Amino acid sequence: MSETAKTTRNPAGEPAESGVPDAAEEFVRQIDGHKTATRPSAAQDVTLPSLGFIGMLRWAWTQLTSMRTALFLLLLLAVAAVPGSLFPQRPANPAVVTQYIQDNPATGPWLDRFQLFDVYSSVWFSAIYLLLFISLIGCVIPRAIQHWKAMRSQPPRTPRRLSRLPEYGALALDTGSPVTAVTAVENAARLLKRRGYRVEVRGTDTSMPSVGAERGFLKELGNLVFHVSLIGVLVSVAVGGLFGYRGQKVIVEGDSFVNTLVGYDNFSPGTNFSETQLAPFSLQLDKFQVQFDRESKTHYGQPLDFTATMTTKDGPDAAPRPQTLKVNEPLEIGGTQVYLVGNGYAPVITVRDGDGNIAHQGPVVSVPSDGAYTSTMVLKVPDAKPEQLGFVGLFLPTALENEKGVAFGSDPDPFNPRLYLNSYAGNLGLDKGDPKNVYVLDTTKLKVLNDRTQKSGGIVLGPKETFTLPDGLGTITFDGLKRYVALDITSDPGQGGALLFSTLALAGLCASLFIGRRRVWVRAGTHPDGRTMVEWALLARGEDHRLAAEATAIRKLLEKEWLARPDRPADNSKKAGAASSGTKNS
Amino acid sequence: MPSIDETLGQYSELFILLAAMTFTVALISFCWDLATASKTLQAVEDRLARQQAPAEAALVGAGARNGAAAGAGSTASAETGLETAGDSLDYGGRRRPAARIGVALAALGTLILAAGVISRGIAAHRVPWGNMYEFCTTGALVVSVVFLLALTRKDLRFLGSFVIGLVVIMLCAAAIGFPTPVAHLVPALQSYWLIIHVSVAVISSSLFTLTFAMSVLQLLQSHREARSRAGQPDRLGFMRLVPTALTLENVAYRINAVSFVLWTFTLMAGAIWAEKAWGRYWGWDTKEVWTFVIWVVYAGYLHARATRGWTGTRAAWLSIVGYLCVVFNFTVVNVFFSGLHSYSGLN
């Protein structure tokens, strides 16, 4: 392997070992996959202006498609991807970005200006990968053309001095052997062909016939497939971004959802999305079961299983189907996937206003913030009269109090459910029709009715308990408890393409890294003393540490072919030894 | 869900501690091997040098000492006279008792570690790679098994102190940094993709660990070769047991090529799992970002090997940077960055 290694190691230097000018040149070209960066010499620099615009373009193209540039862009891409893990990203979590900018008024806006919160759609990141892909295309096309030609052409001519190639072997057949130089070459060609080589027998009319053989065209093909597939992956991602959509929906037990735009809590369409793409399915959450670890001392209360029992319908008139949704087991309905991404408690609450009418009745979604499902809750009651009412606080499934009387959640299961709420009265700001976050209530302009600092105290409610608000503004009742699931509903038409192309890329990568592209030449001649002399040599194109093993295998094949022929006396041990063979470098 | 066998889990932890101790002694043996090899050779050379004419010894320096010191398994470069291990990486040459003890202890440690890892899997009724502690211990097991398997074919004992050193670090990190009692998996991890994605990631990382050690040695060796060419004295005597920088580079390249394919598969399997679990195959989660960065760095490494002026030392640096990214991705990203991959098992 040392020989190949040396030639491979320094393609710019002289692959002196090969000693074959054409092979060596081609070798260097192949190794330097991308076009060799031809930097104009100083003399050319002087005459450059005459090249004009086209010349400049050509020069720029050569630079862009050079291996050096590709490598530089590749490393730049790695560096450019890093900030996306250091700063919060808008596509993943817009609220955190807003908070970050508020918390860092000095640096935040500047970071935003440089698109550090949208790294992967930023101008600079896009510029890097687009340049990289252009460079890749500029590299792949000429290589594909070259490979197409290579696949259709005959193996290269037999070098004059085989002994100077990295792997060389020779053997001499006994004088009595019926194998002439021509039959020897033909035999070798047959053996090599069976070994997967493409062969050409040449010079059968001369005294030194030879066979040229080459194999491993899949190596370069794999390389090309790999790079083209990367373009395919990029296109698939783009297709997903154009025609896909992604929406979120929270469903409380007993409630249902119809796949229409108004049905979503949150919806991010692709650039070319149209509402007609929404499959007309509907689903209902019948039951949601949660199982927590009750055996482990160290992981007590850790979730073990989430199972949502649903009833789905493919369309308004379709028959309802019972289906189970779990984490890692999405539902597939009409080309759309439904994922279980979150869950929590929705206490059922009834609010009666000052006039004694029911102003709110039903489950209120609370947002869990820790493993014990300590959940924050906001309830806005705009229908309450004479004044609108608002409630903000915590829901604890299993509430305990510490020595100071502060309540805390101690278990995710509802063993002792409690609501801890503050109440407010006043204009909730919902009447103007502006969209407002249902999980946030701005209490700065509201009158405080109940909280810890007031004489009236905070509201603490157990199941079936009712609290009467001060000033005769109404009552609040904790009727019961339901669970809810948070669903992600997505459609990504590019997904299949991405999988296909990445699989192709992997296959191409394996072919390009593990297949050896090799050339073998076998030449035969007749010694003045009548013996048939055979010599052969191997040359690898690209890195190939198995070349020596291949040389050994070929030697064995040839020896087996000629030294154990049925028409020869088998007991002639001298003859096996007479094949005076010598190898270099093995 | 079957109950966790906590007693077996505690035995598993004991096994792993015991393995860590065994590996520590193996590490000492390997270091001893490097040190004594360097020292005994030095003594032989000094004696040789004294026998020769002082002037000549001073003039030819490293060049004079070759045959006597160099065993069958090592070579002395004709050009510089610098002695290194043979390029074939075959066994042979001088006896190295300390290295033999090191290999034996490493094998013993691997057996104990395997017992620890397997018993943890049995205790939990699942594959033992669901949190940082388990990644570390399983990763250490894979590293040591791969190293021992490689040793059966080639004499890579020169890597012993580095590789076993990393194994010891991983086991200490597991036992001290990320101790996690055996438990069930959270629902997000209950998928057969855990078996596929994480196991391939661990194997790939283990191979990167080997090539990292080789690349570091390659840099040291090429530094040593450069000094030798400049006629300066050899200060890194223990590097005599290590093959030439070129050999190291080629072997590291072969392993990195395999590992890059595995890493590509890790990335793809992760994407498929992400699609199943989170509804998108790629979302630039911090872990995904770093997995991508690692992939790009090693892709850069493979390209560098085919770019003029980027082979040798620069490629080795890329391999090292890639491995540092792997370590960063495993430690800092898991522990300090928030993201969907927050399964470290740490609070």
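The values are calculated or read from the model by the stated rules, or taken from the named source; none is laboratory data. Keep in mind that this is a model prediction, so the values were computed, not measured. Cβ: placed from backbone, ideal geometry, glycine included. Neighbour counts: every protein chain shown.
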>> Residues that are in a helix (DSSP H, G or I), under 26 Å from the mean Cα position of the chain (by Cα), surrounded by fewer than 17 Cβ atoms within 10 Å (Cβ to Cβ) and not charged (D, E, K, R): does the stretch A:99-117 have at least one?
In response: no
>> Going through A:Ala92, A:Ala70, A:Ala60, A:Ala78 one at a time, which residue ends up being touching a residue at least 60 places away in the same chain (Cβ under 8 Å) and either within 28 Å of B:Ile294 (Cβ to Cβ) or not in a loop (DSSP other than H, G, I, E, B) (or both)?
In response: A:Ala70
> Given (1) loosely packed, with under 15 Cβ neighbours inside 10 Å; (2) over 30 Å from A:Gln291 (Cα atoms), where does A:Val438 come up short, assuming only one miss?
Replying inline: (2)
>> Which pairs turn up if I take residues in the stretch A:454-471 that are charged (D, E, K, R) and surrounded by fewer than 16 Cβ atoms within 10 Å (Cβ to Cβ) and look for partners that are part of a helix (DSSP H, G or I) and at pLDDT below 90 with beta carbon separation below 9 Å, at least 6 apart in sequence or on another chain?
In response: A:Lys455/A:Pro470
> Among the residues of the stretch B:231-244, is any of a type outside the set (A, V, I, L, M, F, W, C), within 14 Å of another protein chain (Cβ to nearest Cβ) and touching a residue at least 12 places away in the same chain (Cβ under 8 Å)?
Replying inline: yes
>> Any residue that is of a type in the set (S, T, N, Q) and either part of a loop (DSSP other than H, G, I, E, B) or modelled with pLDDT of 95 or more (or both) - is there at least one of those in the stretch B:146-156?
In response: no
> Can you name the residue in the stretch B:222-258 that is polar (S, T, N, Q) and surrounded by fewer than 24 Cβ atoms within 10 Å (Cβ to Cβ) and, of all such residues, is farthest from A:Arg546 (Cα to Cα)?
Replying inline: B:Gln232
>> I'm trying to understand the selection: among the residues of the stretch A:483-496, which are more than 11 Å from chain B (Cβ to nearest Cβ) and either of a type in the set (Ser, Thr, Tyr) or surrounded by fewer than 19 Cβ atoms within 10 Å (Cβ to Cβ) (or both)?
In response: A:Tyr484, A:Ala486, A:Pro493
>> Show the residue pairs meeting these rules: Cβ distance below 7 Å; 6+ apart or different chains; first residue within the stretch A:150-168 and within 25 Å of A:Leu221 (Cβ to Cβ); second residue among the acidic types (Asp, Glu) and not in a helix (DSSP H, G or I).
In response: A:Gln154/A:Glu200; A:Pro155/A:Glu200; A:Pro155/A:Glu214; A:Pro166/A:Glu17
> Residues A:Asn328, A:Asn357, A:Asn266: which one is within 14 Å of another protein chain (Cβ to nearest Cβ) and within 30 Å of A:Gln388 (Cα to Cα)?
Replying inline: A:Asn266
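Residues checked against (1) over 25 Å from B:Trp284 (Cβ atoms); (2) in a strand (DSSP E or B):
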| residue | (1), (2) |
| --- | --- |
| A:Asp205 | yes, no |
| A:Ala213 | yes, yes |
| A:Gly222 | yes, no |
| A:Leu234 | no, no |
| A:Ala238 | no, no |
| A:Phe267 | no, yes |
| A:Phe273 | no, no |
| A:Thr309 | yes, yes |
> Could you say which residue among B:Leu262, B:Leu267 is under 19 Å from A:Ala511 (Cα atoms), more than 9 Å from every other protein chain (Cβ to nearest Cβ) and not polar (S, T, N, Q)?
Replying inline: B:Leu262
>> Here's a check for you: in the stretch A:357-373, which residue that is in contact (Cβ under 8 Å) with a residue 24 or more places away in the chain, surrounded by fewer than 21 Cβ atoms within 10 Å (Cβ to Cβ) and not in a strand (DSSP E or B) is farthest from the chain's Cα centre (by Cα)?
In response: A:Asn357
>> If I go through the stretch A:291-321 residue by residue, how many of them are over 30 Å from A:Thr260 (Cβ atoms) and either away from chain B (no Cβ under 14 Å) or free of Cβ contacts under 8 Å to residues at least 60 places away in the same chain (or both)?
In response: 11
>> Among the residues of the stretch B:134-150, are any surrounded by fewer than 21 Cβ atoms within 10 Å (Cβ to Cβ), within 14 Å of chain A (Cβ to nearest Cβ), in contact with a Pro (Cβ under 6 Å, 6 or more places away or on another chain) and touching a residue at least 24 places away in the same chain (Cβ under 8 Å)?
In response: no
>> Suppose the filter is among the polar types (S, T, N, Q), surrounded by 19 or more Cβ atoms within 10 Å (Cβ to Cβ) and more than 7 Å from chain A (Cβ to nearest Cβ); does B:Thr291 pass it?
In response: yes
